[in-house]
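Below is one structure; the comments refer to it alone.
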Ligand code: ADP
């Protein structure tokens, strides 16, 4: 059989890879997956998969053999391995020289500082005395390996610094200190950029975190001035261009209050170079989803429109809480789907467990309160804690 289209390798078998599979089917794009284990989220839906360790170069070579392009479900593949794949002729997108700024928060702060991008005041610190000199309260972060709020601590005294330094020493990484930003809210500017330089910017969204995990997203961010939204989009496009990002770049932002009481200011918190939780609303709320545009970008195809399909879109994650019982999410379907025929549900093929992201729901429409109510209700229903919600 002739090759129908070039094969795209995806490293990492989580829900982001799973959600790339849907537009890959529509685009007729063959995928090959490297999964952490048999049966993980993306391995359930991508038949051409192998199981192995993404830290092992031979495994990476095997999975990308014959693939034109490789992309990622996560940012943890060692830089030197990515260079080796490039040397072997695989187009790695995003490339190692860009990806390093999503892997290492210290390097990211340094580079953004050089580019004059507004960031919280920050410094690499080696011991508690240096944190004290930086000033309490502050936020300590491991430079590498953190995700979903793991590896982030608010510290108010020298005593609080013991745990972060213990974790960092164990992991062999450094600690970055940042000023504790008194933000008004968190925003995310998501852009997508192709190797030939075409770029598209999605509307800037408002995100709410629960215990460091993205929980709720409203698109577009309510009451955000056109000027500040434009600034955030420009900033994200500029960062994508300067760092040479290919695929999706999510720039997580803090909006701070201004001294004059008018428009706030934006500061960059984090960069993610892959489809991002703050872009899941695009699956149902935008003309082209972030997953499809990520595929188009890494394959260097023309990008699709990022325009919203409705005035408002809301995404709420389905997240097991501390006292969640292990449950079968499918059991929630009869009520959730009957109550709201416009609800869009995305489950990741994972069992509900405390603290685990197992899916999300999207709503869209003309009335924000209605979208919020429907999405929150459905997510609470799936989580099994409707005791806190009114029917
Ligand atoms: P992760 O890599 O886990 O996503 P982040 O650096 O995004 O970690 O931090 C997780 C959350 O912690 C942020 O979404 C924000 O709510 C809070 N946070 C991070 N840095 C700061 C800061 N400098 N000031 C105040 N809050 C912060």
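Just name the residue that is nearest to the ligand (Cβ to nearest atom) out of those in region 143-173 that are over 25 Å from residue 278 (Cα atoms) and in contact with a helix residue (DSSP H, G or I) (Cβ under 6 Å, 6 or more places away or on another chain). Step by step, filter region 143-173, then rank; the result is 155. Looking at the structure I just gave you, is residue 322 out of contact with any strand residue (DSSP E or B) (no Cβ under 9 Å at 6 or more places or on another chain) and modelled with pLDDT under 95? It is true that residue 322 is out of contact with any strand residue (DSSP E or B) (no Cβ under 9 Å at 6 or more places or on another chain) and modelled with pLDDT under 95. The residue that is nearest to the ligand (Cβ to nearest atom), among those in region 101-142 that are part of a loop (DSSP other than H, G, I, E, B) and closer than 23 Å to residue 238 by Cα, is 120.
Within region 305-329, the set of residues being touching a residue at least 40 places away in the same chain (Cβ under 8 Å) and under 14 Å from residue 201 (Cα atoms) comprises 305, 306, 308.
Can you confirm whether residue 252 is farther than 20 Å from residue 283 by Cα, part of a strand (DSSP E or B) and within 13 Å of the ligand (Cβ to nearest atom)? No, not satisfied.
Considering (1) free of Cβ contacts under 8 Å to residues at least 24 places away in the same chain; (2) at positive phi, the lone condition that residue 211 does not fulfil carries the number (1).
Return yes or no: is residue 210 under 16 Å from the mean Cα position of the chain (by Cα), surrounded by fewer than 14 Cβ atoms within 10 Å (Cβ to Cβ) and either over 30 Å from residue 69 (Cα atoms) or within 16 Å of the ligand (Cβ to nearest atom) (or both)? So residue 210 fits the description; yes. Do we have residue 196 as away from the ligand (no atom under 15 Å from the Cβ) and touching a residue at least 24 places away in the same chain (Cβ under 8 Å) here? Spelling it out, residue 196 is indeed away from the ligand (no atom under 15 Å from the Cβ) and touching a residue at least 24 places away in the same chain (Cβ under 8 Å). Only one of the listed residues (302, 275) is in contact (Cβ under 8 Å) with a residue 60 or more places away in the chain and within 16 Å of the ligand (Cβ to nearest atom). That residue is 275.
The values are calculated or read from the model by the stated rules, or taken from the named source; none is laboratory data. Everything quoted here is computed from the prediction, not taken from an experiment. Counting neighbours? That spans all protein chains shown, and the Cβs are built from the backbone with ideal geometry, glycine included.
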